[in-house]
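Some notes on the structure that comes next.
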Amino acid sequence: MEKKNIDWANIGFGYIQTDYRYVSQYKDGAWDEGALITDPTITLSECACVLQYAQTCFEGLKAYTTEDGHIVAFRPDLNAERMMNSAAGLEMPPFPKERFIDAVQKVVEANAAYVPPYGSGASLYLRPYMFGFNSVIGVKPATEYQFRIFATPVGPYFKGGAKPITIRVSDFDRAAPRGTGHIKAGLNYAMSLHAIVDAHNQGFDENVYLDPGTRTKIEETGGANLIFITKDNKVVTPKSSSILPSITRRSILQAARDYLGLETEEREILLEEVKDFAECGLCGTAAVISPVGKIVDHGNEICFPSGMEKMGPVTQKLYDTLTGIQMGRIKAPEGWIKVIQ
Ligand code: PLP
Ligand code: COI
């Protein structure tokens, strides 16, 4: 199959329309059989629940070309499970796990010409999402829904690729203490839009949010979890009920222990102890592992010893292990890789 004529090595994290998307409609208490379609647009009521009350959640996962020429997806079962949790949190009907995985398979297969070649540094990003479809004017959940997946080839989330970024401690919160921070609700991202525009205007790459209850602990950024490396090479990551349970973070912790023999710890991390870490990184499907060189807290610069030029040494090992597993250079733990073709 011939690949599309795209400058794979130089694409950023943007939307490039592909040929096929998957859609399934929920009506009268059941999902229909679903289908691949070519129309990239959606027509819906002006009063659709998603438009009026933001009843929508989404997922993000990637498909890769491996070293030996297969196309694979990374842990789609965990995205399926997380989306079922997100749906439950928003009073939406869960889209069944096996059907989610089958839809991923269909969308990637149908758009195989858009899966970036091995070694290009790019991948095919999949965006499953679902939303309240029918008209709702009193505040209540919809009764009809659409589940969809589209695909788009992407490069690095942050412009500099693997260059360390600078993030700032945000004065805004992205989630409430007993709110929706732990699910992938669209509303969490709406909450972060003003903060991210403001951060960019002030010259920062991203916001790091504090726990909304006490504002003393580190949570996560707008689109990724955080990892820290201690001076004695332990991988530490924040534990909180208001952050998204990142699949990348869970994979990194397991790989750190099982492949690199590193100690890992999930615990509350105070803002005031961040200055004592040796390395810091963002982790997520889009972010992969993006090194953080500096955290700015209201003019106070916390500079990690790993510096602003390259990833710290432990972060680099984690990055090489994670991407090695994803691209088929390193044998994956059982069940992590779904071979599409
Ligand atoms: N945290 C937030 C707020 C995110 O949007 C994402 C992206 O999905 C993550 C963390 C990372 O999660 P994952 O590794 O499952 O992509
Ligand atoms: C992802 O990593 O899949 C996300 O959803 C994060 C977003 C910033 C693109």
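The selection criterion, being in contact (Cβ under 8 Å) with a residue 24 or more places away in the chain, more than 16 Å from ligand 1 (Cβ to nearest atom) and over 30 Å from Phe304 (Cβ atoms), holds for Ala110.
Can you confirm whether Tyr26 is in the same structural domain as Ile149 (by TED's automatic domain parsing), closer than 21 Å to Gly89 by Cα and hydroxyl-bearing (Ser, Thr, Tyr)? Yes; evaluated as a whole, the condition is true for this residue. Mind listing just one residue for me: the one in segment 233-250 that is touching a residue at least 60 places away in the same chain (Cβ under 8 Å) and buried (at least 22 other Cβ atoms within 10 Å of the Cβ) and, of those, farthest from ligand 2 (Cβ to nearest atom)? Applying the filter and picking the extreme gives Val235. Just give me the residues in segment 241-273 being within 22 Å of Gly186 (Cα to Cα) and assigned to a loop (DSSP other than H, G, I, E, B), in sequence order. Answer for segment 241-273, where residues must be within 22 Å of Gly186 (Cα to Cα) and assigned to a loop (DSSP other than H, G, I, E, B): Ser241, Ser242, Ile243, Leu244, Pro245, Ser246. Within the bounds of segment 186-209, is there any residue that is surrounded by 13 or more Cβ atoms within 10 Å (Cβ to Cβ), under 17 Å from Thr248 (Cβ atoms) and more than 13 Å from ligand 2 (Cβ to nearest atom)? The answer is yes, given that some residue of segment 186-209 is surrounded by 13 or more Cβ atoms within 10 Å (Cβ to Cβ), under 17 Å from Thr248 (Cβ atoms) and more than 13 Å from ligand 2 (Cβ to nearest atom). Here is a list of conditions, (1) part of a loop (DSSP other than H, G, I, E, B); (2) within 16 Å of ligand 1 (Cβ to nearest atom); (3) in contact with a Lys or Arg (Cβ under 6 Å, 6 or more places away or on another chain), and Glu67 meets all of them except one; can you say which number that is? Tallying (1) part of a loop (DSSP other than H, G, I, E, B); (2) within 16 Å of ligand 1 (Cβ to nearest atom); (3) in contact with a Lys or Arg (Cβ under 6 Å, 6 or more places away or on another chain), Glu67 fails exactly one: (2). Ala175 meets the stated requirement of being in contact with a strand residue (DSSP E or B) (Cβ under 8 Å, 6 or more places away or on another chain) and aliphatic (A, V, I, L, M). Close Cβ contacts (under 6 Å, 6 or more residues apart or on different chains) running from residues in segment 211-230 that are over 24 Å from Ala190 (Cβ atoms) to residues that are crowded, with 24+ Cβ neighbours inside 10 Å and not β-branched (Val, Ile, Thr) comprise Ile227/Gly281; Ile227/Cys283; Phe228/Cys280; Ile229/Glu279.
Of all the residues in segment 292-341, those that are of a type in the set (Val, Ile, Thr) and closer than 23 Å to Glu206 by Cα number 7.
Within segment 281-306, take every residue that is more than 25 Å from the chain's Cα centre (by Cα) and more than 18 Å from Thr237 (Cβ to Cβ) and give me the one that is nearest to ligand 1 (Cβ to nearest atom). By that ranking, first place goes to His298. Within 15 Å of Gln316 (Cα to Cα) and surrounded by fewer than 18 Cβ atoms within 10 Å (Cβ to Cβ): is that true of Leu260 in this structure? Yes: the conditions hold for Leu260.
Yes or no, residue by residue, for (1) hydroxyl-bearing (Ser, Thr, Tyr); (2) closer than 18 Å to Ile325 by Cβ; (3) in the same structural domain as His182 (by TED's automatic domain parsing):
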{"position": "Lys217", "(1), (2), (3)": "no, no, yes"}
{"position": "Glu220", "(1), (2), (3)": "no, no, yes"}
{"position": "Asn233", "(1), (2), (3)": "no, no, yes"}
{"position": "Ser240", "(1), (2), (3)": "yes, no, yes"}
{"position": "Leu244", "(1), (2), (3)": "no, no, yes"}
{"position": "Arg249", "(1), (2), (3)": "no, yes, yes"}
{"position": "Ile252", "(1), (2), (3)": "no, yes, yes"}
{"position": "Ala255", "(1), (2), (3)": "no, yes, yes"}
{"position": "Glu263", "(1), (2), (3)": "no, no, yes"}
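With respect to Thr216, determine if the residue is under 29 Å from Lys317 (Cα atoms) and surrounded by fewer than 20 Cβ atoms within 10 Å (Cβ to Cβ). No, not satisfied. Based on what the data block shows, is Ala151 on the phi < 0 side of the Ramachandran plot and out of contact with any helix residue (DSSP H, G or I) (no Cβ under 7 Å at 6 or more places or on another chain)? In short, no. Just one residue in the set Ile6, Ile11, Ile16 is among the aliphatic types (A, V, I, L, M), under 25 Å from the mean Cα position of the chain (by Cα) and away from ligand 2 (no atom under 16 Å from the Cβ); that residue is Ile6.
Taking the listed residues Ile37, Ile16, the one that is surrounded by fewer than 16 Cβ atoms within 10 Å (Cβ to Cβ) and either in contact with a Lys or Arg (Cβ under 8 Å, 6 or more places away or on another chain) or among the basic types (Lys, Arg) (or both) is Ile37, with no other qualifying.
The values are calculated or read from the model by the stated rules, or taken from the named source; none is laboratory data. Quantities reported herein were computed from a predicted structural model and do not represent experimental measurements. Cβ: placed from backbone, ideal geometry, glycine included. Neighbour counts: every protein chain shown.
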